[in-house]
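The values are calculated or read from the model by the stated rules, or taken from the named source; none is laboratory data. Please read all numbers here as calculations on a predicted model, not as lab measurements. Ideal geometry is used to build each Cβ from the backbone, glycine not excepted, and the neighbour counts take in all protein chains shown.
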Ligand SMILES: C[S@@+](CC[C@H](N)C(=O)[O-])C[C@H]1O[C@@H](n2cnc3c(N)ncnc32)[C@H](O)[C@@H]1O
């Protein structure tokens, strides 16, 4: 297991929730290294693998080469366009959809992608290849806009101090690396004991903003619901409260979905001991109604 580039979170719970059957089509909207998809293939299902990181294509090819009876089709793109991507791959109906949100261990481990505050690299944070980078935001936005992003998406109490310190620092020299940004953010923090790295929330906020993660999630949920056939299931793994809130509300309000999880499922103690990423995971599952 530990040889996998990214340990799939709550694998048994997701397989049980989506119950992939031979010949069924499961859309894995966040394919990553394909850990969940492998389990769907092992049960005879076909997989439509979507990931906005073109690097995932390599993992999809390797998974297809394993020779499972089901098919693997890969499309690079954002799951906010799920129906269009599925149609381009010849998939018109899904029996199951999985969204395992956020970044993969591979993306965090590649310093040059600029996601990690513990590794120095260029300040980028884009999961795909387009749009503004984190450096564009940090060096170009007005102090109020930066503070609003850091507050809203990072739930950072010191958002104003952090934003002001960023603006002071960039006036001396543009902030172009994760290491420098982490230092600047840390210097804005009041002294005292800390439970987490002071840059964690600011980095989370910039990543969510740069990738429009919450907008993509909302559209992805809508597209997935339309793509699912009657009785098809949608499983979403969220890693922070902003995402989980959107999923919870959508499942509750969509007239075409019946939530199957009243409270989100969480990873077992054994899993969280083996995989720290699983600690914050919340899994919600819903079923597409006939209408
Ligand atoms: C947590 S990882 C998924 C790991 C995967 N379940 C596995 O077991 O290997 C999330 C993946 O989803 C991708 N991703 C995140 N948001 C996306 C979006 N809006 N559209 C397409 N891919 C996205 C990321 O590039 C990353 O590869």
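Listing for the model above:
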{"read-out": "Any hit, segment 127-144, residues being within 19 Å of the chain's Cα centre (by Cα), in a loop (DSSP other than H, G, I, E, B), buried (at least 19 other Cβ atoms within 10 Å of the Cβ) and touching a residue at least 12 places away in the same chain (Cβ under 8 Å)", "value": "yes"}
{"read-out": "Filter pass, residue 23 being in contact with a strand residue (DSSP E or B) (Cβ under 9 Å, 6 or more places away or on another chain), at pLDDT 95 or above and crowded, with 23+ Cβ neighbours inside 10 Å", "value": "no"}
{"read-out": "From 44, 67, 55, 34, residue being surrounded by 24 or more Cβ atoms within 10 Å (Cβ to Cβ) and out of contact with any strand residue (DSSP E or B) (no Cβ under 6 Å at 6 or more places or on another chain)", "value": "34"}
{"read-out": "Residues within segment 83-114 that are touching a strand residue (DSSP E or B) at 6+ places or on another chain (Cβ under 8 Å) and either farther than 25 Å from residue 17 by Cβ or at pLDDT below 95 (or both), tallied", "value": "4"}
{"read-out": "Residue in segment 220-241 that is in the same structural domain as residue 94 (by TED's automatic domain parsing), at pLDDT below 95 and assigned to a helix (DSSP H, G or I) present", "value": "yes"}
{"read-out": "For residue 244: the one exception among (1) buried (at least 18 other Cβ atoms within 10 Å of the Cβ); (2) in contact (Cβ under 8 Å) with a residue 40 or more places away in the chain; (3) in contact with a helix residue (DSSP H, G or I) (Cβ under 9 Å, 6 or more places away or on another chain); (4) in a helix (DSSP H, G or I)", "value": "(3)"}
{"read-out": "Qualifying residue in segment 256-273 (condition: surrounded by fewer than 21 Cβ atoms within 10 Å (Cβ to Cβ), modelled with pLDDT of 95 or more, touching a strand residue (DSSP E or B) at 6+ places or on another chain (Cβ under 9 Å) and part of a helix (DSSP H, G or I))", "value": "no"}
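Residue by residue, here is whether (1) more than 25 Å from residue 288 (Cβ to Cβ); (2) within 16 Å of the ligand (Cβ to nearest atom); (3) out of contact with any strand residue (DSSP E or B) (no Cβ under 8 Å at 6 or more places or on another chain) holds:
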residue	(1), (2), (3)
169	yes, no, yes
179	yes, no, yes
197	yes, no, yes
203	yes, yes, yes
208	yes, yes, yes
213	no, yes, yes
219	no, yes, yes
229	no, no, no
236	no, yes, no
